[in-house]
Amino acid sequence: MLSMEFIAEIRRRHLVSGESISSIARSLKLSRPTVRKAVKAQVEPLYQRHCQPTPKLGEFQEQLTDWLILDAKLPKRQRRTAQRLFECLQVEGYQGSYGPVQRFVRNWKQQAGTPTSKQVFVPLVFPAGETCQFDWSHEVVVLGGISQTIKVAHFRLAYSRQMFVAAYPRETQEMVLDAHVKAFAFFGGVPKRMVYDNLKTVVDTILVGKERQFNRRFLTLANHYLFEPVGSGRKSGWQYP
């Protein structure tokens, strides 16, 4: 039985690149009936979001922000790492995972102007419709007179730099899928490649370099829209491969 990755590759090569069934069969050492079956493979229905639960980190964000402000006034060697802040939050009763805390700390430092590392950016050129990058950010908004932190899904086209954003109360897989559906409708099409950082809702396993083992449910989305998901190969979200 062909894997979801294999089926997605066959469908892209035939339906997007226009490669013939015979050519694909020869290069992949498969029979033509097998290739035809992969091309006609039915994808599972996409999940439609109905409700969005409150993020576990929400009630602890104020405490975490206070600690970050306090630490910023200390010498660099005395500042707590994201891991140490995570452990402190656990003492306070936080039951979530380390990932949201790490991203919150990284984003707070970026917004506060505190550099986390020295980075070098090399200008790159991409053909139109070739590449789009996805990532999350957290933003503070006022809803009903109450200040709340939300998650914002960002899509940026590499050629035109056009962006699409969608806001959610938290970062979950169904919201990743929902954001993609909305983004492709907004752009009026689908790029050939989508680039991702190491999102746990998308990536199951990080392999060598930019190689990733993507989540099967997410690959169903890629198979449906015929785009190729690739890893950025870097820790920083807004850098193209």
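Among what's in segment 73-86 and is surrounded by 14 or more Cβ atoms within 10 Å (Cβ to Cβ) and out of contact with any Cys (no Cβ under 9 Å at 6 or more places or on another chain), pick the residue that is farthest from residue 58 (Cα to Cα).
Ranking the candidates gives 79 first.
Of all residues being at pLDDT below 60 and either in contact with a helix residue (DSSP H, G or I) (Cβ under 9 Å, 6 or more places away or on another chain) or surrounded by fewer than 16 Cβ atoms within 10 Å (Cβ to Cβ) (or both) in segment 215-236, which is farthest from residue 6 (Cα to Cα)? Just the residue, please.
236
Every residue in segment 122-153 that is hydrophobic (A, V, I, L, M, F, W, C), exposed (fewer than 11 other Cβ atoms within 10 Å of the Cβ) and either at positive phi or not in a loop (DSSP other than H, G, I, E, B) (or both), please.
142, 143, 146
Is there any pair linking a residue in segment 12-35 that is free of Cβ contacts under 8 Å to residues at least 40 places away in the same chain and more than 23 Å from residue 193 (Cβ to Cβ) to one that is surrounded by fewer than 13 Cβ atoms within 10 Å (Cβ to Cβ) and hydroxyl-bearing (Ser, Thr, Tyr), with Cβ under 9 Å and at least six apart or on different chains, and which?
Matching pairs, first to second residue: 25/31; 32/22.
For residue 156, only one of the following conditions fails: (1) assigned to a helix (DSSP H, G or I); (2) surrounded by 17 or more Cβ atoms within 10 Å (Cβ to Cβ); (3) basic (Lys, Arg). What is its number?
The one condition residue 156 does not meet is (1).
Does residue 86 fit the bill of being under 29 Å from residue 232 (Cα atoms), aromatic (Phe, Trp, Tyr) and at pLDDT 85 or above?
yes
Pick out the one residue from 183, 167 that is buried (at least 16 other Cβ atoms within 10 Å of the Cβ) and either in a helix (DSSP H, G or I) or at pLDDT 90 or above (or both).
Going through 183, 167 in turn, just one is buried (at least 16 other Cβ atoms within 10 Å of the Cβ) and either in a helix (DSSP H, G or I) or at pLDDT 90 or above (or both): 183.
Test each condition in (1) buried (at least 17 other Cβ atoms within 10 Å of the Cβ); (2) modelled with pLDDT of 75 or more; (3) more than 25 Å from residue 162 (Cα to Cα) for residue 212 and report the one that comes out false.
Exception for residue 212: condition (2).
The values are calculated or read from the model by the stated rules, or taken from the named source; none is laboratory data. Just so we're clear, the structure is a prediction, and the values are computed from it rather than from any experiment. Cβ: placed from backbone, ideal geometry, glycine included. Neighbour counts: every protein chain shown.
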